[in-house]
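**Student:** The structure that follows is given in the form of structure tokens.
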Amino acid sequence: MNQAPFLPVNHPQPKFLRWLGSLWKFSRPHTIIGTSFSVLSLYLIALGNISDFFSHWPVLLLTWVACIAGNVYIVGLNQLEDIDIDKINKPQLPLAKGEFSPLTGGLIVGFTGILAIILAFIGGFWLLITVGISLLIGTAYSLPPVRLKRFPLWAAFCIFTVRGVIVNLGLFRHYNTVINQNQSIYPSVWVLTAFVLVFTFAIAIFKDVPDLEGDRIYQITTFTLLLGPEKILTISLLTISLCYAGMIAVGLLGITGINSPLAIVAHLLLLLLLWWRSRGVNLEDKSEISRFYQFIWKLFFLEYLIFPLACLI
């Protein structure tokens, strides 16, 4: 007698787990990871000794939760304002896909925004300044009538100002004030700030390459629409290369507080990796463009791992 072949049973995922999965997508994981690395990296630089990692863990935890809440507020607000555009550009996002209603998205954004401010207030003056300015810029980026994302220069300015300047200088001053009772900013932090400032310009201009279709339909002016994907890819590669060349130069100059051999070797390898990976980018393939954009973010994450090591070793 023939038996029916065994077919695996797909058990439906519990509703709460599905909701958490949607929340994770709503939070834009690559930005959450980037924020987490920056919070941790600057904490380590302020400590000056990795063996003291747990000595001020409440400060680290409070700062991390405040910054993550602020991150979710900013990316969530952007999604609330871009539901129709995201149905074309990012249909997998919860609001565009219908996994979250606009009301649910609004409640999450409101809650995380308030939570970020409350925790930053508890954390101290510099954390409040850092989070507060970031939220203001994030709001101006997405929310009408200002909606700075409509203008390519202002959109890029918002991104590299928050990621490059406010986060690095603000968080380090927060940590240094709370942990060391010292408000000065180390030369190494200025180096990191300069690197991230320039690097995030590449992120800011390349992020719109996968969104070309929706931005054109909804008349969102971006550098990609103005210059074309090929030129944006070239500019992004040259910008990131400049960042790595700068770090190699820092290593050669022997700036105080930075391990020169590590800085030189690590950034030379990353520079080679960047150009090797860029060879396979097909600008006609949206999924390939998105993968390369995520690769750029991974390079961003790596810097926040490598740089504190270069400061601590």
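The values are calculated or read from the model by the stated rules, or taken from the named source; none is laboratory data. Quantities reported herein were computed from a predicted structural model and do not represent experimental measurements. Glycine also receives a Cβ, built like all others from the backbone with ideal geometry; neighbour counts cover every protein chain displayed.
**Student:** If a residue has to be within 17 Å of residue 126 (Cα to Cα) and touching a residue at least 60 places away in the same chain (Cβ under 8 Å) to count, how many in segment 52-80 make the cut?
**Tutor:** Of the residues in that region, 7 qualify.
**Student:** Does residue 233 satisfy the condition of being surrounded by fewer than 16 Cβ atoms within 10 Å (Cβ to Cβ), of a type in the set (A, V, I, L, M, F, W, C) and more than 21 Å from residue 78 (Cβ to Cβ)?
**Tutor:** So residue 233 fails the test.
**Student:** If you take the residues of segment 280-313 that are charged (D, E, K, R) and within 18 Å of residue 232 (Cα to Cα), which of them is farthest from the chain's Cα centre (by Cα)? It would help to see each step written out before you state the result.
**Tutor:** Going residue by residue through segment 280-313, those that are charged (D, E, K, R) are 284-286, 288, 291, 298, 303.
From what's left, within 18 Å of residue 232 (Cα to Cα): 284-286, 288, 291.
On the way: 284: 25, 285: 23, 286: 21, 288: 20, 291: 15 Å.
Going through the qualifying residues, I end up with 284.
**Student:** For residue 192, are the conditions met, namely being under 16 Å from residue 59 (Cβ atoms), touching a residue at least 24 places away in the same chain (Cβ under 8 Å), assigned to a helix (DSSP H, G or I) and not basic (Lys, Arg)?
**Tutor:** Taking the combined requirement at face value, the residue does not satisfy it.
**Student:** Something else about it: Taking only segment 131-161 into account, find how many residues are without any contact (Cβ under 8 Å) to a residue 60 or more places away in the chain and closer than 25 Å to residue 301 by Cα.
**Tutor:** Here the count works out to 11.
**Student:** Only one of 232, 248 is assigned to a helix (DSSP H, G or I), at pLDDT 95 or above and among the β-branched types (Val, Ile, Thr); which? Before you say what the answer is, go through the steps one by one.
**Tutor:** On the way: 232 fails: at pLDDT 95 or above.
Within the list 232, 248, the selection yields 248.
**Student:** How do the pairs read when you match residues in segment 298-313 that are closer than 16 Å to residue 254 by Cα with residues anywhere that are at pLDDT 95 or above and of a type in the set (Ser, Thr, Tyr), using Cβ under 8 Å and keeping only pairs 6 or more apart or on different chains?
**Tutor:** 307/41; 308/41
**Student:** Please specify each residue of segment 263-284 satisfying the condition of being more than 27 Å from residue 311 (Cβ to Cβ) and either assigned to a helix (DSSP H, G or I) or at pLDDT 95 or above (or both). Talk me through it step by step, then tell me what you get.
**Tutor:** We begin by selecting, within segment 263-284, every residue more than 27 Å from residue 311 (Cβ to Cβ); these are 276, 278-284.
Answer for segment 263-284, where residues must be more than 27 Å from residue 311 (Cβ to Cβ) and either assigned to a helix (DSSP H, G or I) or at pLDDT 95 or above (or both): 276, 278.
**Student:** Moving to a separate point now. When the residues of segment 207-246 are filtered to those that are over 30 Å from residue 268 (Cα atoms) and of a type in the set (A, V, I, L, M, F, W, C), which remaining residue is farthest from the chain's Cα centre (by Cα)?
**Tutor:** Only one residue tops the list, namely 217.
**Student:** Here is a list: 80, 95, 107. Which entry is within 23 Å of residue 158 (Cα to Cα) and outside any loop (DSSP other than H, G, I, E, B)?
**Tutor:** 80
Matching residues to (1) among the small types (Gly, Ala, Ser); (2) within 21 Å of residue 305 (Cβ to Cβ); (3) in a loop (DSSP other than H, G, I, E, B):
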site: 39; (1), (2), (3): no, yes, no
site: 46; (1), (2), (3): yes, yes, no
site: 52; (1), (2), (3): no, yes, no
site: 56; (1), (2), (3): no, yes, no
site: 70; (1), (2), (3): yes, no, no
site: 85; (1), (2), (3): no, no, no
site: 88; (1), (2), (3): no, no, no
site: 113; (1), (2), (3): yes, no, no
site: 120; (1), (2), (3): yes, no, no
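**Student:** Picking from 244, 175, 141, which residue would you name as being in contact with a Ser or Thr (Cβ under 8 Å, 6 or more places away or on another chain) and surrounded by 22 or more Cβ atoms within 10 Å (Cβ to Cβ)?
**Tutor:** 175
**Student:** Moving to a separate point now. Given the conditions (1) closer than 19 Å to residue 195 by Cβ; (2) of a type in the set (Gly, Ala, Ser); (3) touching a residue at least 40 places away in the same chain (Cβ under 8 Å), and given that residue 245 satisfies all but one, which numbered condition is not satisfied?
**Tutor:** With respect to (1) closer than 19 Å to residue 195 by Cβ; (2) of a type in the set (Gly, Ala, Ser); (3) touching a residue at least 40 places away in the same chain (Cβ under 8 Å), residue 245 is out only on (3).
**Student:** Among the residues of segment 57-81, what is the count of those that are out of contact with any Ser or Thr (no Cβ under 6 Å at 6 or more places or on another chain) and crowded, with 22+ Cβ neighbours inside 10 Å?
**Tutor:** Result for segment 57-81: 5.
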